[in-house]
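Q: Shown below is the structure under consideration.
Taken together, the values in this text are just the output of simple stated rules run on the coordinates, not laboratory data. It should be emphasised that the depicted structure is a prediction, and the values quoted were computed from it without experimental measurement. Glycine gets a Cβ as well: all are built from the backbone with ideal geometry, and neighbour counts include every protein chain shown.
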Amino acid sequence: MMRSQQWFVRDDLAGFLHRSSLAATGLSRHVLDGRPVIGICNSWSDLVSCNFHLRGVTDAVRRGVARAGGIAVELSTMSLGEALMKPTTMLYRNLVAMEVEESIRAYPIDAVVLLGGCDKTMPAQLMGAAGADVPAIALPSGPADPAVFRGRELGVGTDLWSYVDELRAGRMSRSDFDELEAASVPSAGHCPELGTASTMAALTEALGMALPGSATVPATHARRHAFGEATGERAVALARNGPRPSQILTPAAFDNAITTLMAIGGSTNAVVHLLAIARRAGVELSLDRFDEIAARTPLITNLRPSGEELFVRLNAVGGIPAVLDRLSPLLDTSALTVTSASLAAGTRPAPVEDAVLSTLDEPFAPSGGIAVLRGNLAPDGALIKTSAATPELLRHRGPALVFDDHHELSHRIDDPDLDVTPDTVLVLRNAGPIGGPGMPEWGALPLPEKLLRQGVTDMVRVSDARMSGTAFGTVAVHVAPEAAAGGPLSKLRTGDPVVLDVEHRRLAVDIPDEEFLRRAPSTRQSPRPRGYLRLVNEHITQADRGCDFDFMTDGGPAPDLAPRSIPAGWHGGW
Ligand code: FES
């Protein structure tokens, strides 16, 4: 029996109340006859341009659901928009994941379509769906149309960061920068380079949770609506026969997603999201697995910020099915997907050769785009996106310049008297899951203006923050445990020699351990917050565990919330 039948197909008072409630929306009793009810989990919002068009996509999903004999109901969820939400959308990812999980579980939903796009929306929805374990299928929002500035197609973030440095270095005028602003976001859809949103869209396909080919189609393209219809149709089939997320989100699926992440040079943020989704799905996944897979996976795409092209360019060469086809020898292609068939069934050879997609034999780099670092500065790990770093800086030793928090950094970084050279290692602490709070994307610290004016384009930077998937540079992020949790960054002092050695996966301060560990941490006392921030402070896990709430992955399964029978005289007990 499908879940919704427990609400609607019954002769008691509860059945009366449930059916009459939906009658107010125009759904008559005769359609609530046991056919599948499909929830459309929609993160549409006026405040999130990346998801702004999802209302229209919802109509397409509804058509697909109706065509396959189901009933579509829309569940609007909190929407997480990178540009406007402060201090960071990451602070609210877990809140949305809880909202999605509980909404699915508490309502008469037989399968759910997840409509997300901007960085945290898709991970949050996948986490929620994994926890609810009701059949689910995702449809990413699709990349926005690229901005065109002075004849060049731009990514929203990657190119903006370059132009910001140009402005600060005095090589770009204010009026040119205003012209850039006017051109920078020409349509709805997520950032068109390989930032976190594009990365998560690609990995959702690789996990088997979205229809093959759906990640790369532009947000404004008619085919996105065609994918909406197909996704709605497929959701009805999933409601009837499964599989459920727990049958798709297996260790093999996560290995496939990590392999794809490394092969495309995707965002470091995907690491925390995959860790969190895996733990919600009951899969043990550790940072070490990312490093193992990175070592055996060549970089085969040429996408910004690691390369030159925009994510949407992949669409012309067959999208993620073509990437997975090239990666097949490294994948478990027998993994089950939302199509009820294997991953292999959804792969397709690239229809044309294009410089954006290479092969395992002739890759752009011999190993994956992200390395896991450890050492006395990061005993529980840190990440560096090697594909977006300066090769000469991947082995570096320099004196630390420590900023206690984001405010201190903002006030001091452009001070002409700042004691800094290109060899200095810029360190930001108290920017992690607790310290941020929410682990904002502050990890790609701005370079000091006086060095920019000298032509310096990159420096080694270290922090317990994250960095935007659109950012680039030699940046070690996700240092765990974070300073606010008493991690080693809290003991680092300006002038300490810091060693980055990516080949040996090392991030360390080069002073004897006994001396370093004996130091008192630099701690900050802040009052115990109220509300949601208290939940974050007391239950958020560190980056190596996905920054989820500890109580969302501990303990046994959640109880079945399907309705019980209600005696006729029990008023109000719906
Ligand atoms: Fe939403 Fe980049 S700002 S995806």
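Q: Please list 360-366, 429-435 highest first by mean number of surrounding beta-carbon atoms within 10 Å per residue.
A: 429-435, 360-366
Q: Continuing with this model, one more query. Shape of the stretch 212-279 from its Cα gyration tensor (a ≥ b ≥ c, root eigenvalues): rounded if a/c is under 1.5, otherwise prolate when a/b > b/c, or oblate? Working shown, then result.
A: Working: a/c = 2.66, a/b = 1.23, b/c = 2.17.
Oblate is the answer for the stretch 212-279, as a/c is 1.5 or above yet b/c matches or exceeds a/b.
Q: Compute the FRET efficiency between Ala316 and Glu408 as 1/(1 + (r/R0)^6), taking r as their Cβ-Cβ distance and R0 = 60 Å, and round to the nearest 0.05.
A: 0.85
Q: Further, regarding this structure: For Thr220 and Leu84, calculate 0.36 nm times their separation in residues minus their Cα-Cα distance, and state this gained length in nm to one decimal.
A: Additional length available on full extension: 46.8 nm.
Q: Shape verdict for the stretch 387-501, please, from the Cα gyration tensor: rounded (a/c under 1.5), prolate (a/b greater than b/c) or oblate. Walk me through the numbers before you get to the answer.
A: On the way: a/c = 1.41, a/b = 1.29, b/c = 1.09.
Because its axes are fairly even, with a/c under 1.5, the stretch 387-501 counts as rounded.
Q: Along each principal axis of its Cα atoms, how long is the stretch 1-153 end to end? Whole angstroms, biggest number first, please.
A: The principal-axis extents, from largest down, are 66, 31, 24 Å.
Q: For Lys120, list the lysines whose Cα falls under 20 Å from its own Cα; do not include residues on the same chain fewer than 8 positions away.
A: Lys86, Lys385
Q: Can you give me the long-range amide H partners of His190? Hydrogens built in the peptide plane at 1.01 Å from N, cutoff under 5 Å, separation of 5 or more residues or another chain.
A: The list, which skips near neighbours in sequence, is Gly142, Ala144.
Q: Another question, if that's okay. Apply the membrane-span-like helix rule to the chain: whole DSSP H runs, Cα extent along the own long axis of at least 27 Å, mean Kyte-Doolittle hydropathy at least -1.0. List the helices found.
A: Helices passing the filter in the chain: 222-241.
Q: In deg cm²/dmol and to the nearest 500, what is the mean residue ellipticity at 222 nm of the chain if only DSSP H runs of at least 4 residues count, each as -39500 (n - 2.57), divided by the residue total?
A: Calculated at 222 nm, the ellipticity per residue is -9500 deg cm²/dmol.
Q: Applying a 10 Å radius around every beta-carbon, put 521-528, 165-172 in order of their mean neighbour count, most first.
A: Descending mean neighbour count gives 165-172, 521-528.
Q: On to the next question. Specify whether the C-alpha gyration tensor of the stretch 250-409 places it in the rounded, prolate or oblate class, a ≥ b ≥ c being the square roots of the eigenvalues: rounded for a/c under 1.5, otherwise prolate if a/b is larger than b/c and oblate if not.
A: oblate
Q: Apply the Karplus curve 6.51 cos²θ - 1.76 cosθ + 1.60, θ = phi - 60°, to the phi angles in the stretch 470-479 and return the couplings in whole Hz, x for Gly and Pro.
A: Listing the rounded values in order: 8, 8, 9, x, 8, 10, 9, 10, 6, 4 Hz.
Q: Between Cys118 and residues 5 or more places away or on another chain, which pairs have amide H atoms under 5 Å apart, with H built 1.01 Å from N, and which residues are they?
A: Those qualifying (amide H under 5 Å, at least 5 residues apart or on another chain) are Asn51.
Q: Taking the Cα-to-Cβ direction at Leu418 and at Glu514 and moving 7 Å from each Cα, how far apart do the two end points lie in nm?
A: 3.7 nm
Q: Same structure again: Order 261-273, 35-47 from most to least packed using the mean count of other Cβ atoms within 10 Å.
A: Top to bottom by mean Cβ count within 10 Å: 261-273, 35-47.
Q: Right, another one. Any chance you could tell me what percent of the C-alpha pair distances in the chain go past 44 Å?
A: Cα-Cα pairs of the chain separated by over 44 Å account for 18 percent.
Q: Now, a different point. Pop a pseudo-label 7 angstrom from the Cα along the beta-carbon direction at both Val148 and Asp550 and give the gap in nm to one decimal.
A: 5.5 nm
Q: Still on this structure, I have one more. For a quick check: with amide H placed at 1.01 Å from N, whose amide H comes under 5 Å from Gly375's, ignoring anything fewer than 5 positions away on the same chain?
A: Residues meeting the amide H criterion: Gly381, Leu507.
Q: Turning to a different aspect of this structure: Give me the Kirkwood hydrodynamic radius of the stretch 424-474, using the inverse of the mean 1/r over all pairs of distinct Cα atoms, in Å to one decimal.
A: 11.4 Å
Q: Another one. Compute the FRET efficiency between Glu102 and Leu533 as 1/(1 + (r/R0)^6), taking r as their Cβ-Cβ distance and R0 = 30 Å, and round to the nearest 0.05.
A: 0.90
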